[in-house]
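Take a look at this one; I'll ask things after.
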Amino acid sequence: MIKQDRILAIDQGTTSTRSIVFDMNGQEISVARQEFPQYYPQLGWVEHDPEDIWRDAKTTAQEAVERSGGVDRIAAIGITNQRETIVVWDRKTGKAIHNAIVWQDRRTAALCAELKKQGKEELVASRTGLLLDPYFTATKLAWILDNVEGARARAEKGELACGTIDCFLLWRLTDGKVHATDVTNASRTLLFDIHRQQWDDELLALFNIPAALLPEVKDSSGVFGESTPDLFGRAVPIAGIAGDQQAAVVGQTCFKPGMAKATYGTGCFVLLNTGEKPVISQNRMLTTIAYRVKGKTAYALEGSIFVAGAAIKWLRDGLHLITHASQTDDMATRIPHSHGVYMVPGFVGLGAPHWDPNARGLICGLTLDATEAHIARAALESVAYQTLDLVAAMTQDGGGTADTLRIDGGMAANDWFCQFLSDMLQAKVERPKQIETTALGAAFLAGVGVGLWNDLEEVASEWQRGALFEPQMEASIRKGMIDGWHVAVRRTLSQV
Ligand code: G3P
C-alpha cells in the first residue's frame, strides 16, 4: 500500500490562489498558482467573484496534485485564506447572491462611525478583541443583507448561508455537505466571542445578523469533511483550516508565548503569540485567536497594516516606476540614504495603531534631486516603519518583547528590506527556508488533523532558518529617520 505522507494546502489570498503539495519535511513538492480579477465598483469598494475563487482553488489544487504525481500519497487537505472577506450563498444551489465583499472594502465606514458614536466599541472590543472598523466582516455582511433584494427575509428563513472564504471553499469541496469554519476565521467577524468561543447573540443583534446564516465553528485542526471523489479521483479529508495570518503563525512555528511573525503580502500582519490568555491592548492592537488545536487555544496580539506589498505593486502598476518588485532591492541599495523622502501608504486608510479609514497616502520631503530610487526606497522603508510602530505598541501592551521577528511573504525575499527592518526594530529578523509559510501552516494543521504529527510540538522541529539579519545602524541615524516618519504619518491622518 502507498504511504499517504503528503498534504495539499490551498492558500486563497487577496490577489491570487496558490495550491501547494508538501512532504512531511515541509518541502514543496509541487505548486500551482493563479491571479484573479479584482472589482472596484466604487471608490473604496473591493469585491471578488466567488466563482473565480472556487474555479482557481479547484484547478490549482487539481494541478498541484497532478504535478506531485497524483492523489495516492495525499493524506489531507489544509485550507488557508484571506480573512474577513464574506460570501453569502443559497443553501440549495450553492450560488452566491452577491460578490464577496473583500476585507479592504471601506463601504461600511459610515456605519462603523455611527456605531462608535453610539458607544458600542467597548462591547465589541471586549467580546471580539477587535475594533469597529469596516475591515471586519459583520458590517459587510449586514450590507449584503440590506442591499440584495429579499436577502434578509431569506436569511431569516434559513435559505441562505454565509461564510468567510475558507467556509465557502469547504462547502464547495464537500458539495454542500459541510457548513463550518475554524475559530481563527470566526474570530475576525465581529460576531464571535473569543473568550467563550461561540457566536455572540448580543453582537448578532447589534449588527442585525440572523443566526441561521452562520457556520459551525471548530478547532483549526481536525477533520471538517471530505472532498467529493470527483475532484481528485478519491475523497480526501479536509483536516486543517486557518485564516492566512494565523496559518503563518503555525507555519513559522511561533508556538511559544513571546514568539512573533510578520507576513508581507498585500498588507502586513504582525502576530505575537501571547499563550493561553488573551492580552487586551491599550494601543489599539487586536486580540485574536492564533489557533485552537485539540481544544487548546493560543491567543495572539495582532497589528494589521493594510498596505505593504500593495505599495510595491503600486510602484509597478500605478506609477510604472518598476516592472518587477525585485528591482526595488537594487534601487534602494543604489542610494546612500532616503534623503528625507517619506511615503505613507494610506491608500485604503491606515490600520493599526491609527485605525483611520479616511487617512490617505502621501509622499513628502521631495527635492529636485530626488529620483525614482528615493520613491522606491521610501515605499520599502514605510513598510518597515509601520512594522516598528506595531511591534512597539505590542511591547507596550505587555505582550512580551520579541527579540526576534520571523518574517515571510513576498517582501521577505528583499534582502535590503530585511536589513532595514532589523535596523529599525533593533531586533533580529529571521527568514525561513520555506517562504510560503502560510500554506505550510495550513499543511501542518491538516497533518496534525489526520495524525501525521501528534501535535504542534512535533511540528516545531520542521522549521528551518534561511537567513538571519541583525541590527547594524547607528542609533542617532535611526532615531532621526523614525522621527521623520512620525511627522509624515501625522500629516496623513484625517483628524489632526
Ligand atoms: O486580514 C486580511 C488578510 O488575511 C489578507 O492577507 O495575504 O491576502 O494580504 P493577504
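Coordinate-derived values only; no laboratory data. Remember, it's a predicted structure, so these values are computed and weren't measured experimentally. Cβ coordinates were reconstructed from backbone atoms using ideal geometry, including for glycine residues, and neighbour counts include every protein chain displayed.
Per the Cauchy relation, a quarter of the hull surface: what is the mean projected area of the convex hull of the alpha carbons in segment 36-96, in nm²?
On the way: hull surface 23.5 nm².
Value for segment 36-96: 5.9 nm².
Using only the alpha-carbon atoms of segment 235-346, report the extent along each of the three principal axes, biggest first, to the nearest angstrom.
The Cα atoms of segment 235-346 stretch 50, 46, 22 Å along their principal axes.
Where Lys and Arg each count +1 and Asp and Glu each count -1, what net charge lies around D49 among other residues with Cβ under 11 Å from its Cβ? Walk me through the numbers before you get to the answer.
Numbers: positive: R55; negative: E47, E51, D52, D56.
Neighbourhood net charge equals -3.
Give or take rounding to whole Å, what are the principal axis extents of the alpha carbon atoms in segment 342-496, in descending order?
So the three principal-axis extents are 60, 33, 31 Å.
Please arrange M424, M1, M285 by how many other C-beta atoms lie within 10 Å of their C-beta, fewest to most. Can you show the working numbers first?
On the way: M424 23, M1 4, M285 26.
In increasing order of surrounding Cβ atoms, one gets M1, M424, M285.
Only loop residues by DSSP count here, and only those with at most 11 other Cβ atoms within 10 Å; note down the trypsin sites (Lys or Arg not before Pro) in segment 27-134 that meet that. Can you show the working numbers first?
On the way: sites: R33, R55, K58, R67, R73, R83, R91, K92, K95, R106, R107, K116, K117, K120, R127; in loops: R83, R91, K92, K95, R106, R107, K120.
Qualifying residues, ordered by number: K92, K95.
To continue, here is another question. Would you work out which of L440, V459, M424 lies farthest towards the positive end of the dipole of segment 413-461, given +1 charges on the beta-carbon of Lys and Arg and -1 on that of Asp and Glu, about the Cα centre?
Toward the positive end, the furthest listed residue is M424.
Now for a different question. Would you compute, from DSSP H runs of 4+ residues alone, the mean residue ellipticity of the chain at 222 nm, taking -39500 (n - 2.57) per run and dividing by the full residue count, rounded to the nearest 500?
On the way: 17 runs with 172 residues, N = 496.
Here the helix-only value at 222 nm equals -10000 deg cm²/dmol.
I've got another one for you. Filter the trypsin sites (Lys or Arg not before Pro) in segment 409-473 down to the DSSP loop ones having no more than 13 other Cβ atoms within 10 Å, then list what survives.
K433
Can you give me the distance in nm between label points at T93 and D403, each placed 7 Å from the Cα along the Cα-to-Cβ direction?
That separation, rounded to one decimal, is 6.0 nm.
A further question on this structure: Neighbour counts of other C-beta atoms within 10 Å: give me E462, E149, E372 arranged from fewest to most.
Numbers: E462 19, E149 8, E372 14.
Fewest-to-most Cβ neighbours within 10 Å comes out as E149, E372, E462.
For E216 and L366, what does the FRET efficiency come to when R0 = 60 Å and r is the distance between their Cβ atoms, rounded to the nearest 0.05?
Working: r = 54 Å, r/R0 = 0.90.
For E216 and L366, the calculated efficiency is 0.65.
Through the Karplus equation 6.51 cos²θ - 1.76 cosθ + 1.60, θ set to phi - 60°, convert the phi angles of segment 48-53 into ³J(HN,Hα) values in whole Hz; use x for Gly and Pro.
Computed from phi, the couplings for segment 48-53 are 10, 8, x, 5, 4, 5 Hz.
Cα convex hull of segment 402-494: mean projected area in nm², to one decimal? Please list the in-between numbers first.
Numbers: hull surface 33.1 nm².
Its Cα hull, projected and averaged over all orientations, spans 8.3 nm².
Is segment 191-234 best put as rounded, prolate or oblate by its Cα gyration tensor, with a ≥ b ≥ c the root eigenvalues, rounded for a/c under 1.5, and otherwise prolate when a/b is larger than b/c, oblate when not? Intermediate values should be presented prior to the final figure.
On the way: a/c = 5.59, a/b = 2.19, b/c = 2.56.
Cα axes put segment 191-234 in the oblate bin.
About the Cα centre, and with charges only on the beta carbon of Lys, Arg (+1) and Asp, Glu (-1), how big is the dipole of segment 74-146? Nearest 20 debye, please.
Charge dipole, segment 74-146, about its Cα centre: 160 debye, nearest 20.
If you don't mind, another one. Taking N as the number of residues in segment 217-292, what is its Cα Rg relative to 2.2 N^0.38 Å?
Numbers: Rg = 15.5 Å, N = 76, 2.2 N^0.38 = 11.4 Å.
Ratio of Cα Rg to 2.2 N^0.38 Å: 1.36.
Whole number please: convex hull volume per residue of the Cα set in the chain, in Å³? Could the numbers behind the result be given before it?
Numbers: hull volume 65.4 nm³, N = 496.
Looking at the chain, the number lands at 132 Å³ per residue.
Sticking with this structure for a sec: Name the residue farthest towards the positive end of the dipole of segment 234-314 from the options A239, A290, T263, assuming +1 on Cβ of Lys and Arg, -1 on Cβ of Asp and Glu, about the Cα centre.
Farthest towards the positive end: A239.
Please compute the length gained on full extension between I335 and Y39, using 0.36 nm multiplied by the number of residues separating them and subtracting their Cα-Cα distance.
Numbers: separation 296, 0.36 × 296 = 106.56 nm, distance 3.70 nm.
Net length gain for the segment: 102.9 nm.
Assigning unit charges at the beta carbon (Lys, Arg +1; Asp, Glu -1) and nothing else, what dipole magnitude in debye, to the nearest 20, does segment 253-333 show about its Cα centre? Write out the running numbers ahead of the final one.
Numbers: 9 positive and 5 negative charges, 105 e Å.
The dipole magnitude comes to about 500 debye.
Counting Lys and Arg as +1 and Asp and Glu as -1, each charge on the Cβ, what is the dipole of segment 327-484 about the Cα centre in debye, to the nearest 20? Each step should come with its number before you reach the end.
On the way: 10 positive and 21 negative charges, 56 e Å.
So the dipole magnitude of segment 327-484 works out to roughly 280 debye.
Per residue, what volume in Å³ does the convex hull of the Cα atoms of segment 61-166 enclose?
Working: hull volume 16.2 nm³, N = 106.
That works out to 153 Å³ per residue.
What number in nm² do you get for segment 1-77 if you take the convex hull of its Cα atoms and divide its surface by four? Working shown, then result.
Values: hull surface 21.8 nm².
The directionally averaged projection comes out at 5.5 nm².
Okay, next question. For segment 29-53, list residues with backbone N below 18 Å from a point placed 7 Å from the Cα of F347 toward its Cβ?
What the label zone holds, given the 18 Å backbone N cut-off, is 35-48.
Same structure again: Straight-line reach only, C-alpha to C-alpha below 29 angstrom: list the lysines that K120 could link to, leaving out same-chain residues fewer than 8 apart.
Cα-Cα hits under 29 Å: K140, K157, K218, K277.
Which value in Å does the Kirkwood hydrodynamic radius of segment 322-427 take, with 1/r averaged over all unlike C-alpha pairs and then inverted?
On the way: mean 1/r = 0.0673 Å⁻¹.
Answer for segment 322-427: a Kirkwood hydrodynamic radius of 14.9 Å.
For the pairs K3/K261; K58/K294; K58/K177; K3/K296, flag any whose C-alpha to C-alpha distance is greater than 25 Å. Don't skip to the answer; put the middle values down first.
Working: K3/K261 33 Å; K58/K294 28 Å; K58/K177 17 Å; K3/K296 29 Å.
Beyond 25 Å between Cα atoms: K3/K261; K58/K294; K3/K296.
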